[in-house]
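Chemist: Pasting in a structure now, in structure tokens, and then I'll have a few things to ask.
Read-outs throughout are calculated quantities, based only on the coordinates presented, and are distinct from any laboratory measurement. Note that the structure is predicted; figures quoted are calculated from it, not measured. Cβ coordinates were reconstructed from backbone atoms using ideal geometry, including for glycine residues, and neighbour counts include every protein chain displayed.
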Amino acid sequence: MTDGLLICTPLGFEARAVRRGLTSSATTVLRTGYGTVRAARVAERISRSRYAQLAVMGVGGALSADLKPGDLVVATSVRTSGGARGGRPPRSDGADIDCPSAVLLAGELRRAGLTVHLGPVVTVDHLVRKAERAELAETGAILADMESAPLAGAAGGRPVAVVRAVSDNPDRPVAGIVSGGLAALRSLRKAAPAVERWASACASRDVLLAGPRSFCAGVERAIEIVERALEQQGAPVYVRKEIVHNKRVVTDLAGRGAVFVDELAEVPDGATVVFSAHGVSPAVRAEAAGRGLSVIDGTCPLVSKVHAEARRFAADGYTVALIGHAGHEEVEGTLGEAPGSMVLVQSAEDVAALEPRDKIAYLMQTTLSVDEAADVAGALRSRFPQVRAPGSDDICYATTNRQASVRAVAASSELVLVAGSVNSSNSVRLVEVCERAGTPAYLIDDASGIELSWLAGVTRIGLTAGASAPPAVVSEIVSALSGLGPVSVSERVTTTESIRFGLPKEVRH
Ligand code: SF4
């Protein structure tokens with residue numbers, strides 16, 4: 001046997017479907033035979049082979065009608081079960097075999113346009129009927145087959161993936177196998193190239209974590225405000241805009257009863273509304289007061305500080321140039337503090353286009369790139385030598401620290417992954433910092449967003465998270481990478497943070 005990817009397919013028609021989809025002649029497809037006994041026999045040989053990665057591909061029976069024929073299941077783990085025959089409950093034989101990189105492969109398959117479910121697969125030694133499927137589903141498994149567990153067990157410490165295409169489900173059991181099987185085989189064929197990309201991404205790696213990373217004090221405070229409001233007042237609690245710019249955080253809070261709205265008009269009279277960490281303009285506060293809404297202000301105190309500076313400069317007769325990005329909620333809120341006295345500048349070109357002014361000051365959005373903001377501030381100082389600067393840095397400590405730490409990590413990495421959402425300004429800036437340093441960087445909401453082609457040939461990966469991205473996402477990414485080969489994790493800490501902000505009185509107790 002040789003190094004490379006070995007794909008085990010139990011039956012001939014499954015092997016043919018997979019072979020038709022392959023793009024590389026280096027991949028070996030092995031027909032292993034039907035059922036647990038044959039699979040165990042072949043597994044014994046595979047366990048002694050020199051293949052570098054092992055994938056199991058074939059069709060299988062879904063345990064829920066939510067999974068349709070042709071859908072793919074990527075196993076997060078596989079285990080054997082004696083099934084539930086004769087009124088006995090399902091019997092689990094042996095430990096689960098984990099497939100940590102399943103989330104990466106599932107993301108790749110979804111990007112290829114396939115419908116993919118992630119979850120445990122159970123291997124049984126007989127065909128399962130409808131009632132038994134329900135019992136197996138209660139164990140948490142989402143698909144049953146008759147070969148995956150022994151074959152996957154042969155991987156030992158090597159990377160392993162299990163991809164099964166649904167041929168039938170409890171609503172269309174064995175009688176539907178023929179039509180469902182055709183759909184399943186089509187999906188197997190389409191899945192084969194993604195499995196090859198998964199194998200190409202497998203390697204031993206160093207992962208270098210940037211420190212600090214992930215939640216800042218303002219984000220922790222904003223999330224805690226919504227959580228406490230839900231605890232104290234019960235659902236629903238309305239939140240104007242995303243409480244912080246992160247998909248995971250928003251989805252989680254929405255699942256617990258937070259209702260995110262774009263405008264106050266969507267909040268019922270008399271309800272409680274939380275303002276997001278990015279702040280609001282005085283016009284929004286006035287609207288809420290006029291409507292008699294009960295407001296809890298989640299605005300980060302460091303954003304409120306910029307608002308106060310804008311009011312002070314405007315009251316003193318200054319024109320205030322706000323360095324920031326058009327359309328960002330924080331910028332809209334700050335501009336609203338003194339609409340007649342403020343002007344947005346996004347670049348040195350915008351500065352050049354400003355009318356001459358006697359009294360001019362500048363402020364900054366809190367989440368800008370330190371380097372770019374310095375360029376624009378420099379252009380303002382050249383054009384208006386008398387320009388007043390903010391009393392202290394507007395770009396907040398969290399933004400500054402995360403940019404410094406990712407810059408240090410990028411210098412030692414071939415590639416940097418930044419956990420954060422596309423609408424998160426500080427996360428996008430982290431990507432830009434890496435790119436300015438000459439290191440490719442990608443913004444991902446979670447591990448499923450990692451394209452496997454990015455990882456091919458890359459053995460030193462930097463990893464950080466924007467101020468609104470949960471720490472758990474970083475752990476999940478490390479875990480997923482460990483499914484592609486041994487991972488050595490270290491951390492480069494450029495500074496430590498201890499800042500905490502107090503909660504507003506409405507939710508303090
Ligand atoms: S990134 Fe900075 S300004 Fe924004 S919420 Fe966090 S601490 Fe506050």
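Chemist: Identify, by number, the condition in (1) within 25 Å of Ala437 (Cα to Cα); (2) within 16 Å of the ligand (Cβ to nearest atom) that Ala374 doesn't meet.
Modeler: Unmet for Ala374, out of (1) within 25 Å of Ala437 (Cα to Cα); (2) within 16 Å of the ligand (Cβ to nearest atom): (2).
Chemist: Let me ask something else. Would you mind finding the one in Ser475, Ser427 that is of a type in the set (S, T, N, Q), over 30 Å from Met364 (Cα atoms) and in a helix (DSSP H, G or I)?
Modeler: On the way: Ser427 fails: over 30 Å from Met364 (Cα atoms).
The unique qualifying residue is Ser475.
Chemist: Let me ask something else about it. Give me a count of the residues in region 224-245 that are assigned to a loop (DSSP other than H, G, I, E, B) and either more than 16 Å from the ligand (Cβ to nearest atom) or hydrophobic (A, V, I, L, M, F, W, C) (or both). I'd like the intermediate steps shown before the answer.
Modeler: At the first step, the residues of region 224-245 found to be assigned to a loop (DSSP other than H, G, I, E, B) are 234-236, 241-245.
So of that shortlist, the ones also either more than 16 Å from the ligand (Cβ to nearest atom) or hydrophobic (A, V, I, L, M, F, W, C) (or both) come out as 234-236, 243-244.
Adding up the residues that qualify gives 5.
Residue by residue, here is whether (1) buried (at least 20 other Cβ atoms within 10 Å of the Cβ); (2) in contact with a helix residue (DSSP H, G or I) (Cβ under 7 Å, 6 or more places away or on another chain); (3) closer than 30 Å to Ser304 by Cα holds:
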site: Val431; (1), (2), (3): yes, no, yes
site: Tyr442; (1), (2), (3): no, yes, no
site: Leu455; (1), (2), (3): yes, yes, no
site: Leu463; (1), (2), (3): yes, yes, no
site: Pro471; (1), (2), (3): no, no, yes
site: Ser479; (1), (2), (3): no, no, no
site: Leu484; (1), (2), (3): yes, yes, no
site: Gly502; (1), (2), (3): no, no, yes
site: His509; (1), (2), (3): no, no, yes
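Chemist: I've got another one for you. Can you tell me which residues in region 314-338 are assigned to a loop (DSSP other than H, G, I, E, B), more than 23 Å from Gly502 (Cβ to Cβ) and touching a residue at least 40 places away in the same chain (Cβ under 8 Å)? Break it down stepwise before answering.
Modeler: Keep residues of region 314-338 that are assigned to a loop (DSSP other than H, G, I, E, B), which gives 316-318, 324-328, 336-338.
Filter once more, so that each one left must be more than 23 Å from Gly502 (Cβ to Cβ): 316-318, 324-328, 336, 338.
Those that are assigned to a loop (DSSP other than H, G, I, E, B), more than 23 Å from Gly502 (Cβ to Cβ) and touching a residue at least 40 places away in the same chain (Cβ under 8 Å): Asp316, Gly317, Tyr318, Gly324, His325, His328, Gly336.
Chemist: Condition first: hydrophobic (A, V, I, L, M, F, W, C), under 16 Å from Leu481 (Cβ atoms) and in a helix (DSSP H, G or I). Now tell me which residues in region 176-223 satisfy that. Explain how you work it out, then say what you get.
Modeler: The first filter runs over region 176-223 and keeps only residues hydrophobic (A, V, I, L, M, F, W, C), leaving 177-178, 182-185, 188, 191-192, 194-195, 198-199, 201-203, 207-210, 215-217, 219, 222-223.
Applying the additional criterion that residues be under 16 Å from Leu481 (Cβ atoms) yields 198-199, 201-203, 207-210.
Result: Trp198, Ala199, Ala201.
Chemist: I need every pair where a residue in region 298-313 that is more than 12 Å from Tyr362 (Cα to Cα) and near the ligand (Cβ under 8 Å from one of its atoms) has its Cβ under 9 Å from the Cβ of a residue that is aliphatic (A, V, I, L, M) and assigned to a helix (DSSP H, G or I), sequence separation at least 6 or different chains.
Modeler: Between residues of region 298-313 that are more than 12 Å from Tyr362 (Cα to Cα) and near the ligand (Cβ under 8 Å from one of its atoms) and residues that are aliphatic (A, V, I, L, M) and assigned to a helix (DSSP H, G or I), the close pairs are Cys300/Ala217; Cys300/Val219; Cys300/Ala222; Pro301/Ala217; Leu302/Ala217; Leu302/Ala398.
Chemist: Also, I was wondering about something else. Would you point out which residue out of Ala217, Ala201, Ala194, Ala254 is hydrophobic (A, V, I, L, M, F, W, C), out of contact with any strand residue (DSSP E or B) (no Cβ under 8 Å at 6 or more places or on another chain) and surrounded by fewer than 23 Cβ atoms within 10 Å (Cβ to Cβ)? Explain how you work it out, then say what you get.
Modeler: Numbers: Ala201 fails: surrounded by fewer than 23 Cβ atoms within 10 Å (Cβ to Cβ); Ala194 fails: surrounded by fewer than 23 Cβ atoms within 10 Å (Cβ to Cβ); Ala254 fails: out of contact with any strand residue (DSSP E or B) (no Cβ under 8 Å at 6 or more places or on another chain).
Step by step, each of Ala217, Ala201, Ala194, Ala254 is checked, and only Ala217 is hydrophobic (A, V, I, L, M, F, W, C), out of contact with any strand residue (DSSP E or B) (no Cβ under 8 Å at 6 or more places or on another chain) and surrounded by fewer than 23 Cβ atoms within 10 Å (Cβ to Cβ).
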